[in-house]
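What follows is one structure encoded as structure tokens, with my remarks underneath.
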Amino acid sequence: MTIEKEKVIAAYQQAKEVFQQHGVDTEKALETLAQTPISIHCWQGDDVKGFENPDRALSGGIQATGNYPGAAKTPDQLRADMEKAFTLIPGKKRVNLHAIYLDSDEDVARDKIEPKHFERWVTWAKANDLGLDFNPSLFSHPNADEGFTLSHPNDDIRQFWIDHVKASRKVSEYFGKELGTPSYMNIWIPDGMKDQPVDRLSPRKRLAASLDEALTEKIDTKYHIDAVESKLFGIGAEAYTVGSNEFYLGYAASRGIALCLDAGHFHPTEMISDKISACSIYIQDMQLHVTRPIRWDSDHIVSFDDETQAIMREIVRNNLLSRMSIGLDFFDASINRIAAWVIGTRNAQKALLKALLEPVEKLKEAEESFDYTSRLALIEESHSLPWNAIWDYHCLQNDTPVGFDWMKDIKEYEANVLATR
């Protein structure tokens, strides 16, 4: 045992005693953290280009900025980059794929994708003990160039996207069957208008009908869970978004499917942390896209900021972990892409751990007795409790670097691998 390990263990033991004084079981918190997977999005590694047609320009409100060298250009490179990131991220993980990340030796139209086009991803997931989640890709395609997909007024184009969603559900079901854990399949569309529309209702009627047709086949939720994701606005859809929050909340609740809340898809002063408990009353399963908007849905790397911590606190305080799929959604091409995964995922995990270490029972007791003074005092005091010593111990337990030590691994990988691309 090195001196560094001894220091980490000693600090943990001291912190454990402090938390015990507040009625918090650090061992239970660590066990919960270790068993709670974070679904890490593949599209950070290649700037959302995918492998269907990597030279196609991004569209549908998707924009990756920056030109940092080393982006993955093949499925094997992307998988290798993610494996490197995994060695620096403690705990359980999942991987979130978009349909454009198929790994096939033939050209495949989006409405014709099949499980066989993702077999290499499943083989890789099995080897790395990963669950897989999925998304149909309703953007960056000629049939999305007019700003509409599932709500398109043209019957043929709309049917193309319906068939794409149907095909995507079969891929998602395949993931669940092969990997023994349900795949969350999230449907997001860029549909909307740049300026004020005359008819806001008809596209929403078409969207509801398209979703109903696409989701007609019943699939066992042991393998596959459908989710829908709202958005306030997008690039080119500033005035009107067909799939608004109200539309998808109603749709998910009335159809009995999951709702995806993206931290960047609301007004700048709206926080998804406040929506979680409200939605949980009407929605059984929820999916989160944890990201960091700056003034708009800019998908910055997840930070250990107030909202990320508030999201995790709401989940833990309300015992919603078993009903929640926690995923990430950011893409930054201005820095090392593997470092982006590591920073964002570790921050999400830190926020979850800090929430698990909160003295919730004492806080609820104070609140229920209308002792708001003690509630505020304890909330503020809990911010200073030595949770970071518990985090370091968690990293040590999972054989991942403690503190900033992971950066030297990133620099070595960049010099030896990324620089050669």
What number of residues in segment 262-289 are touching an Asp or Glu at 6+ places or on another chain (Cβ under 7 Å) and under 21 Å from HIS41 (Cα atoms)?
6
What pairs come out if I take residues in segment 277-296 that are closer than 21 Å to ALA348 by Cα and at pLDDT 95 or above and pair them with residues that are part of a helix (DSSP H, G or I) and basic (Lys, Arg) whose C-beta lies under 9 Å away, six or more apart or interchain?
SER277/ARG317; SER280/ARG323; ASP285/ARG323; MET286/ARG323
Report whether or not ASP409 is under 22 Å from the mean Cα position of the chain (by Cα), closer than 18 Å to PRO69 by Cα and not hydrophobic (A, V, I, L, M, F, W, C).
no
Out of all the residues in segment 400-421, which are among the charged types (D, E, K, R) and free of Cβ contacts under 8 Å to residues at least 24 places away in the same chain?
ASP405, LYS408, LYS411, GLU412
Taking segment 211-235 and keeping only residues that are under 27 Å from TRP296 (Cβ atoms), among the small types (Gly, Ala, Ser) and either modelled with pLDDT of 95 or more or surrounded by fewer than 14 Cβ atoms within 10 Å (Cβ to Cβ) (or both), one is left with ALA227, SER230
Got a number for residues in segment 343-396 being in contact with a helix residue (DSSP H, G or I) (Cβ under 9 Å, 6 or more places away or on another chain) and within 30 Å of GLU6 (Cβ to Cβ)?
29
So, of the residues in segment 6-29 that are surrounded by 13 or more Cβ atoms within 10 Å (Cβ to Cβ), farther than 12 Å from ALA389 by Cα and touching a residue at least 12 places away in the same chain (Cβ under 8 Å), which turns out to be nearest to the chain's Cα centre (by Cα)?
ALA29
Any residue that is within 26 Å of LEU130 (Cα to Cα), touching a helix residue (DSSP H, G or I) at 6+ places or on another chain (Cβ under 7 Å), crowded, with 16+ Cβ neighbours inside 10 Å and not acidic (Asp, Glu) - is there at least one of those in segment 238-258?
yes
Within segment 361-384, can one find any residue that is loosely packed, with under 15 Cβ neighbours inside 10 Å, over 23 Å from LYS93 (Cα atoms) and touching a residue at least 60 places away in the same chain (Cβ under 8 Å)?
yes
Members of segment 169-193 that are surrounded by 19 or more Cβ atoms within 10 Å (Cβ to Cβ), outside any helix (DSSP H, G or I) and among the β-branched types (Val, Ile, Thr):
ILE187, ILE189
In segment 247-267, the residues that are over 19 Å from the mean Cα position of the chain (by Cα) and either within 16 Å of ILE311 (Cβ to Cβ) or without any contact (Cβ under 8 Å) to a residue 12 or more places away in the chain (or both):
GLY250, SER254
Picked from segment 385-421 (must be assigned to a loop (DSSP other than H, G, I, E, B) and of a type outside the set (Ser, Thr, Tyr)), the residue surrounded by the fewest Cβ atoms within 10 Å (Cβ to Cβ) is ASP399
Do we have LYS166 as over 19 Å from the mean Cα position of the chain (by Cα), assigned to a helix (DSSP H, G or I), in contact (Cβ under 8 Å) with a residue 24 or more places away in the chain and under 30 Å from ALA34 (Cα atoms) here?
no
Tell me whether segment 194-206 contains one or more residues that are buried (at least 21 other Cβ atoms within 10 Å of the Cβ) and under 19 Å from ASP285 (Cα atoms).
no
For ALA127: the one exception among (1) in contact with a strand residue (DSSP E or B) (Cβ under 8 Å, 6 or more places away or on another chain); (2) surrounded by fewer than 24 Cβ atoms within 10 Å (Cβ to Cβ); (3) hydrophobic (A, V, I, L, M, F, W, C):
(1)
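The values are calculated or read from the model by the stated rules, or taken from the named source; none is laboratory data. It should be emphasised that the depicted structure is a prediction, and the values quoted were computed from it without experimental measurement. We place every Cβ from the backbone using ideal geometry, glycine too, and count neighbours over all the protein chains shown.
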